[in-house]
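**Student:** Starting off with a structure, shown below.
No value in this document is a laboratory result; all are computed from the given coordinates. Computed from a predicted model, the values in this text were never measured in an experiment. Cβ placement follows ideal geometry from the backbone for every residue including glycine, while neighbour counts extend to all protein chains displayed.
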Amino acid sequence: MIIEIDQNSGFCFGVVEAIRKAEETLLQQDVLYCLGDIVHNDAEVDRLTKNGLITIDHERFFTMKDATVLLRAHGEPPSTYEYARQNNIRLIDATCPVVLKLQQRIRLGYESGKANNAQFVIFGKKGHAEVNGLVGQTKGEAIVLEGTSELDKLDFTRPIELYSQTTKDLEGFHLLADELERRAINVPVKIHDTVCRQVAHRIPAIRQFSARFELILFVSGLKSSNGKMLYNICKSVNPNSKFISSIEELDARWIESIDSVGICGATSTPKNLLEEVAEVVRKLAIEKFK
Ligand code: SF4
């Protein structure tokens, strides 16, 4: 049986850096709080938890003082930094540089665009941590759109500035941008393509990869946005694609009548988990041919 791991899968550099900062800090102190899951992968969160990382939600954060808190790669709105300043919270800021730059672009765009009565639009998932951080750059005024079906929320007689959550798909972004330009009534529409290429470049690669195997095992945490998006792409190319979050979810029946398996995952899936999945498939294949 052919068993292959997609070489483009595994953590993106933003996640690698956040984990590095957490590990580095935990060498100097016993406890480090992390605002939200450091990565949407339970196995990796469990590993870091054993080393002293404590994941907290925003509700708990806004009751804390005198602590050290890591901000993960998704980034945070200005209110988080403000609260930390007022409550003696030391922040280890692991916001991905790509997200930081995007926050800055939106903040500057908002400050200069306000005078023109512009509307700020973010193509993204409502309530997603990164999107909350981006909306925070516009004092909460940006309108979040998940797709073209929500365009009636906009006033097409006012200028529009469009940005994207970094992990959205380029195709969806261009569809939305084209529709905005088509509907705008004699007003400027500024399109800022802010999709992260770490994810975007995986799309054509994962399409090709999915087409080469009889079965695709897509490994990702359930909470990962890019995980869902990349899995849907696998599924559209190869209907025999299975989404699993852990080795326990592997079903031996899936490989009963096939000869090739491709294993891939999201930007939050550790390479070692893909290797463990490959190992289990290998053992199941040996059993099958006994
Ligand atoms: S997907 Fe891109 S923007 Fe998001 S954390 Fe990874 S490198 Fe940074």
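**Student:** Given H placed 1.01 Å from N in the peptide plane, which residues other than close sequence neighbours of LYS190 have an amide H under 5 Å from its amide H?
**Tutor:** It is ILE160, GLU161, LEU162, by chain and number.
**Student:** Here's a follow-up. Kindly write out, for region 265-280 in residue order, the coupling ³J(HN,Hα) from the Karplus curve 6.51 cos²θ - 1.76 cosθ + 1.60 (θ = phi - 60°), rounded to whole Hz, with x marking Gly and Pro.
**Tutor:** Computed from phi, the couplings for region 265-280 are x, 8, 6, 10, 9, x, 4, 5, 5, 4, 5, 5, 4, 4, 5, 5 Hz.
**Student:** Here is a further query. Pull out a ≥ b ≥ c, the square roots of the eigenvalues of the alpha-carbon gyration tensor of region 72-116, then state rounded if a/c is under 1.5, prolate if not and a/b is larger than b/c, and oblate in the remaining case.
**Tutor:** It is oblate, given that a/c is not under 1.5 and a/b is not larger than b/c.
**Student:** Tell me, what HN-Hα J-couplings in whole Hz come from the Karplus equation 6.51 cos²θ - 1.76 cosθ + 1.60 at θ = phi - 60° for each residue of region 115-129, using x for Gly and Pro?
**Tutor:** Ordered by residue, 3J(HN,Hα) equals 4, 8, 6, 6, 9, 9, 10, 10, 7, x, 9, 4, x, 5, 4 Hz.
**Student:** Here is a further query. Report the Cα centroid-to-centroid distance between region 1-72 and region 164-190 in angstrom, as an integer.
**Tutor:** Centre-to-centre distance over Cα atoms comes out at 33 Å.
**Student:** Still on this structure: Counting alpha carbon pairs within less than 8 Å and at least 6 residues apart, what relative contact order, in whole percent, applies to the chain?
**Tutor:** 21 percent
**Student:** I need the phi-derived Karplus couplings for region 54-62: 6.51 cos²θ - 1.76 cosθ + 1.60, θ = phi - 60°, integer Hz, Gly and Pro marked x.
**Tutor:** 10, 7, 10, 9, 5, 4, 5, 3, 6
**Student:** Which residues' amide hydrogens lie under 5 Å from the amide hydrogen of VAL144, considering only partners 5 or more residues apart or on another chain, with H built in the peptide plane?
**Tutor:** Hits under the 5 Å cutoff: ILE122.
**Student:** Measuring from label point to label point, each 7 Å out along Cα→Cβ, what is the ASN272 to GLU23 span in nm?
**Tutor:** Reported label-point gap for ASN272 and GLU23 is 0.8 nm.
**Student:** What residues have an amide H closer than 5 Å to that of ILE54, excluding those fewer than 5 places away on the same chain, when H is modeled at 1.01 Å from N in the peptide plane?
**Tutor:** LEU32, TYR33, CYS34
**Student:** Tell me what the chain gives for mean residue ellipticity at 222 nm when only DSSP H runs of n ≥ 4 count, each as -39,500 (n - 2.57), the sum divided by the residue total, rounded to 500 deg cm²/dmol.
**Tutor:** One gets -13000 deg cm²/dmol as the mean residue ellipticity at 222 nm.
**Student:** Among GLY52, GLY140, GLY75, which one shows the biggest mean-square fluctuation in a GNM of the chain, springs joining Cα atoms closer than 10 Å?
**Tutor:** Per the Cα network of the chain with a 10 Å cutoff, GLY140 tops the list.
**Student:** Counting only other residues whose beta carbon sits under 12 Å from that of LYS126, what net charge do I get with K and R as +1, D and E as -1?
**Tutor:** That works out to -1.
**Student:** May I ask for the angle, rounded to the nearest 10°, between helix 225-237 and the longest principal axis of the chain, with both axes built from Cα atoms and the value confined to 0 to 90°?
**Tutor:** The two axes meet at around 50 degrees.
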